[in-house]
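Undergrad: First the structure, then my questions, so here it is.
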């Protein structure tokens with residue numbers, strides 16, 4: 001509990017007290033009388049011996065008091081002694097001459113009792129009355145039914161307990177909704193409204209810009225925020241206000257979280273980190289209470305940085321979707337907006353958020369005064385990938401044959417997280433091989449594992465294996481022959497992941513803008529496997545299903561998004577790109593007619609048909625090379641780029657050399 005804050009007494013302290021009182025009243029005997037349990041026969045003997053003073057009869061239960069303190073087992077001892085006495089003279093002698101032995105009687109050391117309790121059998125009613133009357137025992141009778149007030153109390157007790165629970169629950173809910181204890185202390189009952197943000201002290205944030213490679217533009221954009229956190233007075237003298245919010249947006253794995261930690265490390269301020277999903281609970285109002293709690297803690301530690309990861313989980317556009325808005329999510333978003341509006345000019349608190357879906361965020365979250373700065377993080381280029389690899393291999397012993405430039409060139413579509421995983425996977429493979437260093441072969445195998453999956457056991461027969469070889473040979477040959485296709489790296493018919501084979505291509509350089517010729521060559525390569533099967537087997541198989549799906553999607557984007565259709569011209573057509581859960585696809589009508597939709601479908605079909613004819617024509621012209629590549633794949637399972645280029649240069653005559661180089 002924070003210092004200077006008094007603990008809030010909960011509403012349930014009196015519940016165990018009432019339970020204890022009820023136990024003392026109803027469960028404990030009155031008066032503290034020491035009572036002993038007697039058998040009915042023993043009770044009769046005590047009455048006949050004149051040891052019973054009075055009794056209270058309640059149905060079959062009998063309670064009473066002894067006329068003098070009673071020792072357990074004394075009557076039984078006396079009766080047994082009288083039955084075993086041989087004669088009156090012996091009894092007299094025992095009574096007069098051996099009185100001293102009574103002091104040593106074992107019953108004298110047993111505890112004595114003042115009262116007793118027993119249960120009479122049903123047949124003993126008349127006999128019991130005569131026995132008690134004959135020995136002048138005072139008799140008192142009580143009814144077996146409880147008193148009227150006790151019955152009333154027991155009847156109303158369940159309702160009283162229900163009302164007490166309802167009152168306690170409503171008070172607990174009110175405490176949670178109102179953010180009791182200032183939102184940062186208890187947070188309502190059981191601390192349900194308390195902030196769950198992880199708090200890192202200045203000394204705990206060890207990440208700096210040197211640990212974030214390949215994001216130079218983002219670092220430059222955030223440098224002003226760091227300067228403001230270091231010395232806010234310098235900017236306040238000039239009338240400048242601290243940016244309240246910074247939105248980091250980019251694909252997954254591009255280092256958004258790492259960059260936020262680096263900002264706190266460079267500015268040397270406390271860092272509060274939380275995921276957007278941690279605000280959402282079943283009960284409405286919990287997320288808003290946690291937001292208040294988190295911002296209060298951050299204001300107390302100002303200057304500080306608050307980081308909300310995956311903010312799209314709570315910051316989606318309000319009032320969208322099939323079922324309307326979500327009350328808890330929208331109240332949490334409203335509370336974040338209010339807290340950011342409530343910053344004064346003297347509070348040096350920066351709110352940073354990360355998302356890979358900036359298109360779904362609510363416009364109110366992105367307006368000036370809230371998330372003023374938007375920092376874009378993209379997939380790293382080749383130089384940036386090399387810098388990221390250099391960071392991750394600091395503690396990895398590398399072999400002399402490892403060229404990070406070559407590794408960076410072979411990882412075109414990799415993000416920073418993918419590169420870290422690549423280094424780790426290569427180190428794992430080196431450890432499995434019991435190698436002292438990580439070699440280039442380990443990096444190459446690690447990349448195949450990440451891109452293609454782990455090799456798995458061959459479960460196909462020779463005929464199906466031959467079909468896969470011809471299919472992949474068609475992809476590989478077109479990738480090597482077509483001028484604008486991505487460079488071929490490797491082709492294999494070794495089953496990996498869910499695929500029976502794979503053809504791997506790597507762009508020669510990082511390019512963000514592509515022409516129509518590139519996409520047409522890409523489509524031809526996608527359809528090359530299907531065309532190769534048609535040439536050799538005179539039929540097509542289901543193995544090209546994924547190729548057809550990707551080719552159709554690419555052709556549709558060429559027509560509807562890229563404007564690469566001569567028939568439709570320079571126009572863009574929205575074609576169901578939005579997610580259904582946002583509600584935009586249902587609320588916004590399609591922006592083109594049915595006739596245009598028919599033209600789009602016809603244009604897509606025409607593009608795919610032309611690319612298929614081109615692929616088929618190219619494979620027919622190089623049929624000998626295609627057959628050589630397929631046969632080498634059946635023999636070797638994997639062919640590298642250089643081996644396929646050798647087959648193409650010699651028109652397939654280098655097949656025998658490749659087959660002879662097979663170690664098997």
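Undergrad: Tell me which residues, restricted to region 201-239, are part of a loop (DSSP other than H, G, I, E, B), surrounded by fewer than 19 Cβ atoms within 10 Å (Cβ to Cβ) and in contact (Cβ under 8 Å) with a residue 60 or more places away in the chain. Before the answer, list the steps.
TA: At the first step, the residues of region 201-239 found to be part of a loop (DSSP other than H, G, I, E, B) are 201, 205-208, 212-215, 231, 237-239.
Narrowing further to those that are surrounded by fewer than 19 Cβ atoms within 10 Å (Cβ to Cβ): 201, 206, 208, 231, 237-239.
201 - this is the single residue of region 201-239 that is part of a loop (DSSP other than H, G, I, E, B), surrounded by fewer than 19 Cβ atoms within 10 Å (Cβ to Cβ) and in contact (Cβ under 8 Å) with a residue 60 or more places away in the chain.
Undergrad: Test residue 561 against the criterion of being at pLDDT 85 or above, under 23 Å from residue 359 (Cα atoms), out of contact with any strand residue (DSSP E or B) (no Cβ under 9 Å at 6 or more places or on another chain) and in the same structural domain as residue 468 (by TED's automatic domain parsing), and give yes or no. Can you show your working first?
TA: Details: at pLDDT 85 or above: yes; under 23 Å from residue 359 (Cα atoms): yes; out of contact with any strand residue (DSSP E or B) (no Cβ under 9 Å at 6 or more places or on another chain): yes; in the same structural domain as residue 468 (by TED's automatic domain parsing): yes.
Considered against the rule, which asks whether it is at pLDDT 85 or above, under 23 Å from residue 359 (Cα atoms), out of contact with any strand residue (DSSP E or B) (no Cβ under 9 Å at 6 or more places or on another chain) and in the same structural domain as residue 468 (by TED's automatic domain parsing), residue 561 comes out as yes.
Undergrad: May I ask you to verify whether residue 184 is surrounded by 16 or more Cβ atoms within 10 Å (Cβ to Cβ), under 30 Å from the mean Cα position of the chain (by Cα), at pLDDT below 80 and farther than 16 Å from residue 301 by Cβ? First the steps, then the outcome.
TA: On the way: surrounded by 16 or more Cβ atoms within 10 Å (Cβ to Cβ): yes; under 30 Å from the mean Cα position of the chain (by Cα): yes; at pLDDT below 80: yes; farther than 16 Å from residue 301 by Cβ: no.
Taking the combined requirement at face value, the residue does not satisfy it.
Undergrad: Being farther than 30 Å from residue 406 by Cβ and modelled with pLDDT of 85 or more is the filter; apply it to region 372-391 and report the residue that is surrounded by the most Cβ atoms within 10 Å (Cβ to Cβ). Give the steps one after another, and end with the answer.
TA: First pass over region 372-391, keeping only residues farther than 30 Å from residue 406 by Cβ: 372-375.
Keeping just the survivors that are modelled with pLDDT of 85 or more gives 374-375.
Details: 374: 13, 375: 22.
Selected residue: 375.
Undergrad: If you don't mind, another one. Where in region 347-425 are there helices (runs of 4 or more DSSP H), lying wholly inside it, with at least 1 residues that are under 20 Å from residue 211 (Cβ atoms) and over 30 Å from the mean Cα position of the chain (by Cα)? Let's see the steps before the verdict.
TA: Working: elements: 363-366, 382-392, 404-409.
Here the list reads 382-392, 404-409.
Undergrad: When the residues of region 535-549 are filtered to those that are touching a residue at least 12 places away in the same chain (Cβ under 8 Å) and more than 44 Å from the chain's Cα centre (by Cα), which remaining residue is nearest to residue 621 (Cα to Cα)?
TA: 535
Undergrad: I want to confirm something. Restricting to region 19-64 and keeping residues that are part of a loop (DSSP other than H, G, I, E, B) and modelled with pLDDT of 80 or more, which single residue is surrounded by the fewest Cβ atoms within 10 Å (Cβ to Cβ)?
TA: Of the residues in region 19-64, the ones part of a loop (DSSP other than H, G, I, E, B) are 27-29, 33-34, 38-39, 49-51, 59-60.
So of that shortlist, the ones also modelled with pLDDT of 80 or more come out as 38-39, 49-51.
On the way: 38: 21, 39: 10, 49: 14, 50: 12, 51: 18.
Top of the filtered list is 39.
Undergrad: May I ask you to list the residues in region 112-155 that are surrounded by fewer than 11 Cβ atoms within 10 Å (Cβ to Cβ) and modelled with pLDDT of 70 or more?
TA: Of everything in region 112-155, those that are surrounded by fewer than 11 Cβ atoms within 10 Å (Cβ to Cβ) and modelled with pLDDT of 70 or more turn out to be 121, 122, 123, 130, 133, 134, 136, 141, 155.
Undergrad: With respect to residue 552, is the statement that it is free of Cβ contacts under 8 Å to residues at least 60 places away in the same chain, in contact with a helix residue (DSSP H, G or I) (Cβ under 9 Å, 6 or more places away or on another chain), buried (at least 19 other Cβ atoms within 10 Å of the Cβ) and not assigned by TED's automatic domain parsing to the domain that holds residue 412 true? Even if it seems obvious, please write down each step before you answer.
TA: Working: free of Cβ contacts under 8 Å to residues at least 60 places away in the same chain: yes; in contact with a helix residue (DSSP H, G or I) (Cβ under 9 Å, 6 or more places away or on another chain): yes; buried (at least 19 other Cβ atoms within 10 Å of the Cβ): no; not assigned by TED's automatic domain parsing to the domain that holds residue 412: yes.
No: the conditions fail for residue 552.
Undergrad: So in region 486-501, with the set limited to residues that are surrounded by fewer than 21 Cβ atoms within 10 Å (Cβ to Cβ) and in contact with a strand residue (DSSP E or B) (Cβ under 7 Å, 6 or more places away or on another chain), which one is farthest from residue 531 (Cα to Cα)?
TA: Selected residue: 496.
Undergrad: Can you tell me which residue among 602, 597 is modelled with pLDDT under 90 and in the same structural domain as residue 480 (by TED's automatic domain parsing)?
TA: Values: 602 fails: modelled with pLDDT under 90.
Being modelled with pLDDT under 90 and in the same structural domain as residue 480 (by TED's automatic domain parsing) holds for just one of 602, 597, which is 597.
Undergrad: Moving on. If you check 575, 518, which single one turns out to be surrounded by 15 or more Cβ atoms within 10 Å (Cβ to Cβ) and at pLDDT below 80? First the steps, then the outcome.
TA: Numbers: 518 fails: at pLDDT below 80.
Result of the check over 575, 518: 575.
Undergrad: If you don't mind, another one. Taking region 392-402 only, how many residues are within 16 Å of residue 441 (Cα to Cα) and surrounded by 14 or more Cβ atoms within 10 Å (Cβ to Cβ)? Can you show your working first?
TA: Restricting attention to region 392-402, the residues satisfying the condition of being within 16 Å of residue 441 (Cα to Cα) are 393, 396-402.
Next, only the ones that are surrounded by 14 or more Cβ atoms within 10 Å (Cβ to Cβ) stay: 393, 396, 398-399, 402.
Of the residues in region 392-402, 5 are within 16 Å of residue 441 (Cα to Cα) and surrounded by 14 or more Cβ atoms within 10 Å (Cβ to Cβ).
Undergrad: Quick one: is residue 240 under 18 Å from residue 371 (Cβ atoms), touching a helix residue (DSSP H, G or I) at 6+ places or on another chain (Cβ under 9 Å) and either modelled with pLDDT under 85 or in the same structural domain as residue 222 (by TED's automatic domain parsing) (or both)? Give the derivation first.
TA: Working: under 18 Å from residue 371 (Cβ atoms): yes; touching a helix residue (DSSP H, G or I) at 6+ places or on another chain (Cβ under 9 Å): yes; either modelled with pLDDT under 85 or in the same structural domain as residue 222 (by TED's automatic domain parsing) (or both): yes.
So residue 240 fits the description; yes.
Undergrad: Still on this structure, I have one more. Quick check, is residue 338 in a helix (DSSP H, G or I) and without any contact (Cβ under 8 Å) to a residue 12 or more places away in the chain? Steps first, please.
TA: Details: in a helix (DSSP H, G or I): yes; without any contact (Cβ under 8 Å) to a residue 12 or more places away in the chain: yes.
Yes, satisfied.
Undergrad: Of the residues 425, 472, 420, only one is within 27 Å of residue 507 (Cα to Cα), modelled with pLDDT of 90 or more and in contact with a strand residue (DSSP E or B) (Cβ under 6 Å, 6 or more places away or on another chain); which? So that I can check it myself, show each step before the final result.
TA: Details: 425 fails: in contact with a strand residue (DSSP E or B) (Cβ under 6 Å, 6 or more places away or on another chain); 420 fails: in contact with a strand residue (DSSP E or B) (Cβ under 6 Å, 6 or more places away or on another chain).
Among 425, 472, 420, only 472 is within 27 Å of residue 507 (Cα to Cα), modelled with pLDDT of 90 or more and in contact with a strand residue (DSSP E or B) (Cβ under 6 Å, 6 or more places away or on another chain).
Undergrad: Which residues, counting only those in region 243-269, are assigned to a helix (DSSP H, G or I) and either outside the structural domain of residue 351 (by TED's automatic domain parsing) or in contact with a strand residue (DSSP E or B) (Cβ under 9 Å, 6 or more places away or on another chain) (or both)? Spell out how you get there, then give the answer.
TA: So the first thing to find is which residues in region 243-269 are assigned to a helix (DSSP H, G or I), and the list is 256-267.
Result: 256, 257, 259, 260, 261, 263, 264, 265, 267.
Undergrad: The conditions are (1) at pLDDT 80 or above; (2) assigned to a loop (DSSP other than H, G, I, E, B), and residue 555 fails exactly one of them. Which is it?
TA: It is condition (2) that residue 555 fails.
The values are calculated or read from the model by the stated rules, or taken from the named source; none is laboratory data. From a predicted model like this one, the values you see are computed outputs, not experimental measurements. Note that each Cβ is placed from the backbone with ideal geometry, even for glycine, and that neighbours are counted across all protein chains shown.
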